[in-house]
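Down below is the structure, laid out as C-alpha cells.
Taken together, the values in this text are just the output of simple stated rules run on the coordinates, not laboratory data. Everything numeric here is computed off the predicted structure, so don't read it as measured data. Neighbour counts are summed over all protein chains in view; Cβ atoms, including those assigned to glycine, are modelled from backbone coordinates with ideal geometry.
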Amino acid sequence: MRLNKQTTRWRDKKLVVSGTTSHARVGDVFVAPLEVAYPYKRTVGTLLSRFFTSLSECRLEGTRGSDGRVYFPPAEFDPLTGEQLSEWVSLSDTGTVTTWAWQSTPVEGQPLAHPFAWALITIDGADVPMLHAVDAGSPENIAVGTKVKVRWAEDRPGGVTDIACFDIMGGAS
Amino acid sequence: MALRDIAIVGTAQRPSEVNSTFTSVEILLPVIQQLLDKVGIERSDIGFWCHGSCDYMSGQPFSFVSAVDAIGAWPPIIESHVEADGALALYEAWVKIQTGEVDVALVFSNGKTTSGPIDQILSLQTDPYMVAPLKPGFDALAALQARACLEAGVVTERQMAEVAARSRRDAHNNAIAFTKGNESVEELLAMPYTMNPLRAHDCATPVDGCNAVVLAAGDIARRLAERPAWIRGIDHRIDTQRLGARSMIESSSAAIAAQKAGVGNDRIDVAELHAPYTHQELLLRNAMGLSESTHINPSGGALVANPAMAAGLARFAEAAESVFAGSADRVLAHCTSGPMLQQNLVCVMEGE
C-alpha cells in the first residue's frame, strides 16, 4: 500500500524525534529496532559533575554539612537544613566497613562476578558511609571495622562504578 | 476542620500464587466483583476508585491504565492510581473522602511479583547515581541493615528465627498465605545463609496477588457493615534516601508515623506489620512501642506472602477483618516501601 503524502510527512516528523540511533529507511518503510532502554542524555548538575570528574581522576571528594559531618558521596543539599552545600573536602582512598552482607551468587551487572561482600564503608575523613562492594574472597575475611582501600576501575567514564570495588587492606587473610 | 469518620467496610483478597499467567484485569475483576457483592453495593455507588501497582513489574509505562478494565469506565468514573502499594492508594482515598467530595471509595492493588527478578527490579528505586548503578538487590540492602542490628545487639538471630517460625505457623490459618511451615527455631537457625546474615526464611515470599477494600464515611459505613473498622489515625513518613545517613538500628520514620497515628494512646490488640524481613518486624515493634500483649501478624504477614504493591493493603484488609469479626477492638495496619524500611505508613482502626 502506498502511503499518502500527509502520512509521509508525519512519519518524517517521527523520525526526527526518535530516540534510537540505528533507525533507517528501507525503501518506503521506516525501520527502527525495539530497544528497551532509556535513550536520553541528561546533565547531572554542578555537584555530581565535580564529583564524577574527581572519581575519573582517581580522587575522592566529599562535602561538609551544616553539622560539620562530611558526606561521601557528597551531599548536594544539607540533609538537615536543605541548604545547598559548597564546602568540599578531599579524602583518602581508604575507609572502614560499618556493616556488610555476603552476595554468594552475584547478579549480572553487579561490581564483581564472583562472590563478594556488600558493605557500607565510611571513607577516612568522612562521617557518613557509602554503599559499595568489597572483594573479600570469603565471608570469614570481613567484619565490621575491617579497613578497606579503593580499587579503581581501568575504565572511568565518571560515575560511582569508577570505583571498581574495595580491597581489604593488607590483603584478604 | 473536623475530620469525617471513615471506616473500612469490606475487603477481598485473591489467594497467593506464583508464576501466574493471568493479566492484571483477569485477577482483579473477580476480586472486585466479590467485594462489591460482599458489601452489597454496585459500581455506581462508588464515588472514587484508587489503584496501587508498579509499572516496573510489567516493564511497560502506563500499564496500570489497562487495570481500569477491571472496574469499568462507563458511565464515567473518578479514579486515580499511585505507583506504590495499595495502602498508599487507601491513604489517597481517605483524603478524597475527607474533602467531602465523595462518601464511598474502592481501593485495589495488584502485583505480579514473580514474573521478573523482583529483588533487582525494586532496587531501581534507589539513588540513580550513587546506588542503582551497583545493582544491589533489596535482600542485600536488608542484609546490611540486619547485620548492623545484630552487631548493635538490637536483634539476635534467634529472635529473627522466632519471627519466621511464628509467621510460618500462623500462615496455616490464612487461605491467602503461600509459605507455610512448622519448623522449630532450632531447625530454622540450622539453615544456611542465603544473603549472610539473612537466611531464606528471613526474607519475604514473592507472590502474585491482588486485593481490594471499600472505605465509607459516617452513617453510610454503619449501613454497609455490622462493625466497620473506623480509621482513628493515619500517617506516612519517609527516611532519607541516602542509605548511609539513616540509622540502621532503628526506624525513625515508623516511630513518627506511629506517634502521629496515635498508636500509643491505648492498647493495640492486633498489629499487621508489613515487614518483608524478620529483623524489620523487630525494628518496627521497637519503633512503634508495641507491647507483648499485641498479637503481631496473625495472618503470617509479608514473610509468607508478599505481593509487591499489594502486601501493604493486605495488612489493612487483615487488620480490618479482625475488627469485623469482633476478635479485636483496636488494630494497627502498616505498610512499608523502599529499601530498609525507607517509607512507613501507619494506621490505627477501631471497632465501635
**Request:** Would you please give the FRET efficiency between A:Ala143 and A:Asp28, computed as 1/(1 + (r/R0)^6) with r the Cβ-Cβ distance and R0 = 51 Å, to the nearest 0.05?
**Result:** 0.15
**Request:** Select from region B:242-292 those trypsin sites (Lys or Arg not before Pro) which occupy a DSSP coil region and have at most 13 other Cβ atoms within 10 Å, ordered by residue number.
**Result:** B:Arg267
**Other protein chain Cβ atoms within 10 Å, averaged over every residue that makes up A:101-109** = 6
**Asked** Does a label point 7 Å from the Cα of B:His172, set along Cα-to-beta-carbon, have any residues of region B:273-298 with amide nitrogen under 19 Å, and which are they?
**Response** B:296-298
**Prompt:** What ranking of B:Tyr56, B:Tyr91, B:Tyr129 emerges when the number of other C-beta atoms within 10 Å of each C-beta is taken as an exposure proxy, fewest first?
**Reply:** B:Tyr129, B:Tyr56, B:Tyr91
**Request:** Quick one: what are the phi-derived ³J(HN,Hα) couplings along region A:54-68, Karplus 6.51/-1.76/1.60 with θ = phi - 60°, whole Hz, x for glycine and proline?
**Result:** 5, 5, 5, 9, 6, 10, 10, 9, x, 10, 9, x, 5, 8, x
**Request:** Work through the residues other than B:Asn182 whose Cβ is under 15 Å from its Cβ and net out their charges, Lys, Arg +1 and Asp, Glu -1.
**Result:** -1
**Item:** Inter-chain Cβ neighbour average for residues B:239-250, partner chain, 10 Å
**Value:** 4
**Asked** How would you classify region B:170-298 from its alpha-carbon gyration tensor, with a ≥ b ≥ c the square roots of the eigenvalues: rounded for a/c under 1.5, else prolate if a/b is greater than b/c, otherwise oblate?
**Response** oblate
**Asked** Exposure proxy check: A:Trp152, B:Trp230 ranked by fewest other beta carbons within 10 Å?
**Response** A:Trp152, B:Trp230
**Request:** Give the long-range amide H neighbours of B:Glu79: residues separated by 5 or more places, or on another chain, with amide H under 5 Å away, using H modelled in the peptide plane at 1.01 Å from N.
**Result:** B:Trp49
**Request:** Could you order peptides B:83-90, A:79-86, B:205-212 by the average number of other Cβ atoms within 10 Å of their residues, highest first?
**Result:** B:205-212, B:83-90, A:79-86
**Item:** Calculated Rg and Dmax of chain B using C-alpha coordinates, Å
**Value:** 19.1, 58
**Message:** For Cα pairs less than 8 Å apart in space and 6+ apart in sequence, what is the mean separation divided by the residue count of region A:45-168, i.e. the relative contact order in percent?
**Reply:** 24 percent
**Asked** Where the only charges are on Cβ atoms (+1 Lys, Arg; -1 Asp, Glu), what is the dipole of chain B about its Cα centre, to the nearest 20 debye?
**Response** 340 debye
**Prompt:** How high is the relative contact order of chain B, in percent, counting Cα pairs under 8 Å that sit 6 or more residues apart?
**Reply:** 26 percent
**Request:** State to the nearest 20 debye the size of the charge dipole of region A:45-168 about its Cα centre, where the only charges are +1 on K and R beta carbons and -1 on D and E beta carbons.
**Result:** 140 debye
**Set B:Lys112/B:Lys135; A:Lys149/B:Lys135; A:Lys41/B:Lys135; B:Lys135/B:Lys180; B:Lys38/B:Lys180 screened for pairs whose C-alpha atoms are more than 24 Å apart** = B:Lys135/B:Lys180; B:Lys38/B:Lys180
**Message:** Just to confirm a number: summing +1 for Lys and Arg and -1 for Asp and Glu over residues other than A:Ile142 whose beta-carbon lies under 12 angstrom from that of A:Ile142, what do you get?
**Reply:** -1
**Message:** For peptide B:129-141, what's the mean number of Cβ atoms from other chains within 10 Å of each residue's Cβ?
**Reply:** 6
**Message:** Apply the Karplus curve 6.51 cos²θ - 1.76 cosθ + 1.60, θ = phi - 60°, to the phi angles in region B:102-117 and return the couplings in whole Hz, x for Gly and Pro.
**Reply:** 9, 10, 10, 9, 10, 10, 9, 8, 8, x, 9, 5, 8, 7, x, x
**When the protein assembly as shown is reduced to its Cα atoms, the Kirkwood hydrodynamic radius in Å** = 24.9 Å
**For region A:102-161: rounded, prolate or oblate by the Cα gyration tensor [a/c cutoff 1.5]** = oblate
**Request:** Would you mind checking which residues have amide H under 5 Å from B:Asn306's amide H? H placed 1.01 Å from N; only 5 or more apart, or other chain.
**Result:** B:Thr205, B:Val207
**Asked** Once both axes come from the Cα atoms, what is the angle between helix B:138-152 and the longest principal axis of chain B, in degrees from 0 to 90, rounded to 10?
**Response** 60 degrees
**Request:** Indicate the gyration tensor shape class of region B:255-352 (rounded, prolate or oblate), computed on the Cα atoms with a ≥ b ≥ c the square roots of the eigenvalues: a/c under 1.5 is rounded; otherwise a/b larger than b/c is prolate and the rest oblate.
**Result:** oblate
